[in-house]
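> Dumping the structure here so I can ask a few things about it.
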Amino acid sequence: MTELPDHMDDIDVAVLDALRRTLALADPVPDHLVGEIEFSLSLAAMNAELALLADDAVGVRAPTAESADSVTFTSSTMTLMVVIGRDDGELRIDAWVSGGGITVELIQGAHRTPAVSDLNGRVSWSPVQPGLARFLISPLTAGGRPVITPAIEL
Amino acid sequence: MTAREVEESLTTRAAVAFIEYREGDLQALHRLVAAVTPVLWHVARSCGLSQQNAEDTVQTAWLKLVEHAEGIVAPEAVLGWLCTTTKREAWRVQRLARTVDPLEEPETEPVDETPHDPAQLAAMNDEARRLWGHFVTLSPRCQQILRVVCMGGAPDYAALAEAMGVPIGSIGPTRGRCLAALRRALLDDPHWSLT
């Protein structure tokens, strides 16, 4: 048992404990927050470059994510064009990146689905769950920076 | 997590995880984030930030920790460092939103204390609803201090209060006054019992 500071007694501790339980109900930490922080930290550790939406100098973030059938992202080293379509009623994504043999990850929340581009630079995912998604493109050269896109709404 | 575990360990758990992270254990950073993020959330919210701004602010504080990890000399200070960094970032965000004099420390405004989400209200049990009713009658400054201090245990109280701007010499009296007001309100409430 830790000694209580400043003449606090067990009732004080019980009041603070009850307040902590109340705050967990009245103003809970958003469920996704810890996951998003860990994702940001891993991006920072990778020194990832944030791609921009072509035709839009400002990165799109989750609450204002665009709903689009086709979007293009650009970075200093690559371009990624993403086409969202339907295949037997299921969402499907086809994307083209600047080169073959490049690993592109589809990231939806904690789910990450990697795919490797073919000789034409094409990668695809099907079926895909609706919701927010972003893409992580592995470095094109050894020692290069990975590229992460802003989130888009699928 | 039991109250006793919290009481005995947040500062220490954070320090241990921080040391392990600096020694190259990336999993330790995840443990640190999981343990301390709830505290930082309430630091940001107690500064009057909206949910979205609070999320961004807490995230920024963690990015700053990774950036400045080598500069933190005493690992046991990491909890206080994170709280202080979150608070300063919260002020910066507030200033941007309000264009107040940048040299003036903004007055803390109470967070909108009413849970608006019906599901949230429904999830609050009787104890929580009663305590919340008394809590929101405290001064904004007292709400801010207690909101953050209660997230730690006894060994963390001083560090958390200090990080919220309570001068070291007055931590006991200031925190004590706020806590005494809440305690009195609860003990005077015939429908409330300490369990």
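Coordinate-derived values only; no laboratory data. Treat the numbers as computed from the prediction; the structure is a model and nothing was measured. So basically every Cβ, Gly included, is an ideal-geometry build from the backbone, and we count neighbours across all protein chains shown.
> Please state the charge dipole magnitude for chain A, taken about the Cα centre, from unit charges on C-beta atoms (+1 on K and R, -1 on D and E), reported in debye and rounded to the nearest 20. Intermediate values should be presented prior to the final figure.
On the way: 9 positive and 22 negative charges, 165 e Å.
That gives a dipole near 800 debye.
> Pull out the extension gain between residue B:191 and residue B:19, defined as 0.36 nm times the separation in residues minus the alpha carbon to alpha carbon distance; nm, one decimal.
57.3 nm
> Kindly state, as a whole number, the per residue volume in cubic angstrom of the convex hull around the alpha carbon atoms of chain A.
It comes to 186 Å³ per residue, whole-number rounded.
> Okay, moving on. Ordered by packing density, taken as the mean number of other Cβ atoms within 10 Å over each peptide's residues, highest first, how do B:140-150, A:84-94, A:98-108 rank?
The packing order, highest mean first, is B:140-150, A:98-108, A:84-94.
> Averaged over peptide A:28-41, how many Cβ atoms belonging to another chain are found within 10 Å of each residue's Cβ?
Going residue by residue through A:28-41 and averaging, the value is 6.
> Give me the extension gain from residue A:32 to residue A:119: residue separation times 0.36 nm, minus the current Cα-Cα distance, reported in nm with one decimal.
Difference between extended and current length: 27.6 nm.
> Show me the ranking of peptides A:20-33, B:154-167 by mean Cβ neighbours inside 10 Å, starting with the highest. Walk me through the numbers before you get to the answer.
Details: A:20-33: 17.6, B:154-167: 21.1.
The densest-packed peptide leads the list: B:154-167, A:20-33.
> How large is ³J(HN,Hα), in whole Hz, for each residue of the stretch A:135-144 in order, when computed from phi with the Karplus curve 6.51 cos²θ - 1.76 cosθ + 1.60 and θ = phi - 60°, using x for Gly and Pro?
3J(HN,Hα) across the stretch A:135-144, in whole Hz: 10, 10, 9, 5, x, 6, 10, 4, x, x.
> Please compute the net charge surrounding residue B:14, taking Lys and Arg as +1 and Asp and Glu as -1 over other residues with Cβ under 12 Å from its Cβ.
Once all neighbours under 12 Å are counted, the net charge is -1.
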